[in-house]
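A quick write-up on the structure given underneath.
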Amino acid sequence: MKTATKSACDTCVHYDVEGVKRLGVDTTNVDFVIALAGNPNTGKSTVFNALTGLRQHTGNWPGKTVTRAEGAFEYQHQKYKLIDLPGTYSLMSRSEDEEVARNFILFGKPTLTVIVVDASRLERNLNLVLQILEISSNAILCLNLMDEAKKNKITIDYRSLSRELGIPVVPTIARSKEGIPELITAISDLANGKIICKPHKIKSIPKHVEEAVQKLSAAIKKEYPNVSNSRWLAFRVLEGDTHILEALKTGAFI
Amino acid sequence: METKNIDKIIELSNELRWQIGDDFHDNLTEAIYADASKIVEKTVVKDNKKGAFYLNAKIDQIVTSKIWGFPIMLLLLGLVLWLTIVGANYPSSMLASLLLDTIHPFLKEGASFLGFPWWLSGFLIDGVYLAVAWVIAVMLPPMAIFFPLFTLLEDFGYLPRVAFNMDALFKKSGAHGKQALTMSMGFGCNAAGVVATRIIDSPRERLIAIITNNFSLCNGRWPTQILLATIFIGAVVPSSYSSFVSLAAVVGIAVLGIFFMFFFSWALSKTVLKGEVSTFNLELPPYRTPLFWKTIYTSLIDRTLIVLWRAIVFAAPAGAVIWLISNVFIGDQSIAVHLIHSLDGFGFLLGLNGVILLAYIVAIPANEIVIPSILMLTVMVTGAVGGAGAGVMFELDSVTATGDILRSGGWTLLTAVNVMLFSLLHNPCSTTIYTIYKETKSTKWTVVATILPIVAGFIITFLVAQIWRIMS
């Protein structure tokens with residue numbers, strides 16, 4: 001087989017970003033699995049569509065994505081499968097969509113989780129972000145709806161935010177596909193280990209509670225040496241989450 | 001899978017819980033919020049002058065206000081309907097003249113040229129083809145206007161405001177406030193509305209939303225309402241008011257449907273589906289300018305064409321059935337005539353007639369073909385001129401001609417009013433019934449959802465007919 005000589009453009013990183021292959025629903029033989037999480041109505045489905053080239057129906061009302069949707073894209077000859085999870089405000093209550101999202105992040109073992117947030121409502125959205133960072137060590141913050149933040153005269157120092165959270169932060173306007181190439185590059189870098197995350201762990205817990213968490217977390221770690229999120233499991237066990245106890249019994253999350 | 005011994009962990013956690021007290025959940029939640037606010041303090045700069053938030057809040061003050069909330073909702077519904085009615089007229093008649101007046105005779109000639117026997121060309125061209133052509137001509141234009149308009153409102157962010165306005169009413173009727181969203185989807189298509197009930201977590205409230213979704217007048221039924229309102233109700237007032245009055249009548253029927261939806265939600269939650277109303281958070285999203293062309297494109301592809309395809313798939317066999325029952329004879333009369341006569345008595349009690357009831361049976365797969373079936377069967381029974389022969393569905397170019405045919409079939413103002421009511425209150429179409437079964441996985445609830453509206457329809461039309469006849 002004859003291979004043509006590659007021009008400078010063909011090998012350039014930016015060329016590849018332009019040349020991303022949207023694979024739609026073809027999710028066979030994937031190299032990485034990416035979960036897409038976030039609060040309701042932050043544009044997850046729009047980000048999903050921008051990445052996969054699919055036309056999942058999007059609508060301006062919370063709770064529109066009722067089941068998880070799957071799609072795929074290819075970048076630098078690696079295939080990424082994308083799972084659009086239902087929007088949730090938290091992972092700590094027991095409503096159905098929260099369980100779908102939580103179970104997938106906990107048991108579905110995605111390579112990494114892209115957390116889509118509304119840049120103009122960052123503080124409220126961080127509630128979910130901080131919870132996900134307890135569960136999953138590989139995450140990217142997609143700071144979406146930057147246009148609306150701008151309209152509301154909100155400026156976000158996303159580099160400091162990235163330092164604070166210990167994960168890559170990519171500002172986007174998914175509707176007009178701004179920032180999507182950067183998001184793809186970040187996904188690829190993290191998936192291939194070019195970036196290492198040091199996710200923020202919840203700090204402001206009262207001392208005596210923190211000690212209890214650490215004790216229980218150590219006990220869980222002893223029984224399950226391979227578990228990366230023993231701290232989150234300790235949170236849940238202390239809250240008496242029976243689903244998690246059941247999962248601990250069967251070892252479903254390993 | 002190997003089962004781990006976790007007794008030690010459970011024991012330790014019980015002990016620790018004893019030490020740290022009951023406030024763990026609150027401690028954790030507070031810690032998360034404290035961290036979040038620290039991070040935001042360091043990274044976000046806000047200029048709290050009048051930004052878009054201010055405009056959003058201003059719009060919300062008006063559209064969710066106690067005084068203006070409901071009138072604005074009705075006005076928007078009226079506007080969407082008006083644009084649909086007015087806008088669909090012209091393309092509809094163009095499609096009709098193309099598919100029915102040009103292509104149909106051409107196909108007939110072609111068939112006779114190829115030497116098709118009369119029954120084959122009748123079955124295929126007068127039955128199957130005409131049913132499909134009619135559905136396309138009548139349904140495509142209004143759908144191609146209604147769905148995009150609806151999607152634009154949805155993308156703008158209006159639907160959650162509807163839910164907000166109606167929340168108190170839903171709460172009073174023992175249903176979930178998010179049912180407002182599924183109800184709105186039902187105005188487009190009940191099957192889509194039933195699928196959308198997945199946003200409701202509580203199984204009890206979800207069942208209520210599924211069972212009562214059929215009371216949202218769906219897209220297949222709007223044309224029936226519009227046509228009958230124009231012919232019979234617009235005609236009782238001076239012509240300068242007639243279009244306004246017919247529009248008001250159609251909106252009235254839609255509002256009546258919402259009333260029945262509340263009534264049956266309430267009745268169900270007080271009887272077989274008792275339970276607490278669950279609370280939920282509904283964030284009012286910011287208003288967003290819809291991406292106009294993209295919305296038009298996706299709503300055409302994702303909604304209009306899918307629903308149209310479904311209608312075609314169901315209309316084709318229905319057309320075949322109509323042709324067959326009109327052309328297969330038992331004794332000296334066709335099956336259709338036998339059926340109509342046996343249904344006439346019951347029909348009279350309801351202020352309807354046998355033709356209408358038979359049309360509704362034939363049209364179970366798709367509401368869109370009710371009016372053409374009624375016209376065809378009426379012509380056959382009365383022998384009125386203007387029809388196209390036994391078992392041939394047709395559309396009449398002018399609304400007046402349609403009215404003449406219906407009047408020759410014995411229609412009065414009462415008949416029209418009751419058909420409008422019955423169109424609102426009858427069994428869901430077969431696609432919706434199948435969707436309800438798929439979503440509930442329960443024969444019992446599927447049967448309830450199917451029977452309930454038709455029983456309501458029988459009762460209401462019966463009462464209206466009796467009172468009407470006593471009064472006049």
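Values quoted throughout were computed directly from the atomic coordinates according to the rules given, and no laboratory measurement underlies them. Model, not experiment: these values are computed from the prediction. Cβ atoms come from the backbone with ideal geometry, glycine included; neighbour counts cover every protein chain shown.
A few remarks follow.
- Candidates per trypsin sites (Lys or Arg not before Pro) in segment B:263-353, loop by DSSP, up to 12 other Cβ within 10 Å: B:K274
- For segment A:207-250, the dipole from Cβ point charges (+1 on Lys and Arg, -1 on Asp and Glu) about the Cα centre works out to 160 debye, to the nearest 20.
- The modelled label-to-label distance for the pair B:H341/B:F292, using points 7 Å beyond Cα in the direction of Cβ, is 6.0 nm.
- Taking amide hydrogens as placed 1.01 Å from N in the peptide plane, the amide H of A:K81 sits under 5 Å from those of A:D31, A:F32, A:V33, A:I34, each at least 5 positions away in sequence or on another chain.
- For A:K151, the lysines whose Cα comes closer than 24 Å to its Cα, not counting residues fewer than 8 places off in the same chain, are A:K44, A:K177, B:K38, B:K42, B:K46, B:K49, B:K50, B:K58, B:K294.
- Put simply, the convex hull of the Cα atoms in the protein assembly as shown casts, on average, a shadow of 41.4 nm².
- Peptide ranges B:234-243, B:450-459 listed from the most packed, as the mean C-beta count within 10 angstrom indicates: B:450-459, B:234-243
- Pairs of Cα atoms nearer than 8 Å and 6+ residues apart set the relative contact order; for segment A:207-250 it is 32 percent.
- Amide H contacts under 5 Å for A:V116, placed H, 5+ residues apart: A:A37, A:G38, A:C142
- Fraction of the pair-distance distribution of segment B:4-157 above 26 Å, Cα-Cα pairs, percent: 67 percent
- Within 10 Å of each Cβ in A:150-162, the average number of Cβ atoms from other chains: 5
- Note on A:E70 and A:H243: the extension gain reaches 59.8 nm, defined as 0.36 nm multiplied by sequence separation minus the Cα-Cα distance.
- Segment B:280-370, relative contact order [Cα under 8 Å, separation at least 6], %: 21 percent
- Per-residue average of Cβ from other chains inside 10 Å of B:296-306: 1
- The calculated pair-distance distribution of segment A:207-250 uses every alpha carbon pair, bins of 10 angstrom beginning at 0, and gives 30, 58, 11, 0 percent.
- Relative contact order, percent, chain B [alpha-carbon distance under 8 Å, six or more residues apart]: 18 percent
- Subtracting the Cα-Cα distance of B:K171 and B:S239 from 0.36 nm times their residue separation leaves 20.2 nm of extension gain.
- A simple rule links phi to the HN-Hα coupling: the Karplus curve 6.51 cos²θ - 1.76 cosθ + 1.60 with θ = phi - 60°, which for segment A:33-46 gives 10, 10, 9, 10, 10, x, 5, x, 6, 10, x, 4, 5, 5 Hz, with x for Gly and Pro.
- Crossing angle, helix B:370-382 versus chain B [Cα axis fit, 0-90 degrees, rounded to tens]: 20 degrees
- In this calculation the C-beta distance from B:I459 to B:F329 is compared with R0 = 45 Å, giving a FRET efficiency of 0.80.
- Efficiency of FRET from Cβ geometry, B:D60 and A:A218, R₀ 45 Å, rounded to 0.05: 0.35
- Cut-off under 5 Å, modelled amide H: who pairs with A:L23 long-range: A:A72, A:F73, A:E74
- For segment B:79-95, 3J(HN,Hα) per residue [Karplus equation, 6.51 cos²θ - 1.76 cosθ + 1.60, θ = phi - 60°, Hz, x = Gly/Pro]: 5, 4, 5, 4, 4, 5, 4, 5, x, 7, 3, 5, x, 4, 6, 5, 4
- Couplings 3J(HN,Hα) of segment A:100-110, computed from phi: 4, 5, 5, 4, 5, 5, 7, 9, x, 6, x Hz, in residue order, whole Hz [Karplus 6.51 cos²θ - 1.76 cosθ + 1.60, θ = phi - 60°; x for Gly and Pro].
- Helix B:52-63 axis versus longest C-alpha principal axis of chain B: approximately 50°, rounded to the nearest ten.
- Using every pair of separate Cα atoms, the Kirkwood estimate puts the hydrodynamic radius of chain B at 25.1 angstrom.
- Least to most buried among B:M376, B:M471, B:M185 (fewest other Cβ within 10 Å first): B:M471, B:M185, B:M376
- Nearest-20 debye value, segment B:188-291 charge dipole, Cβ charges on Lys, Arg, Asp, Glu: 140 debye
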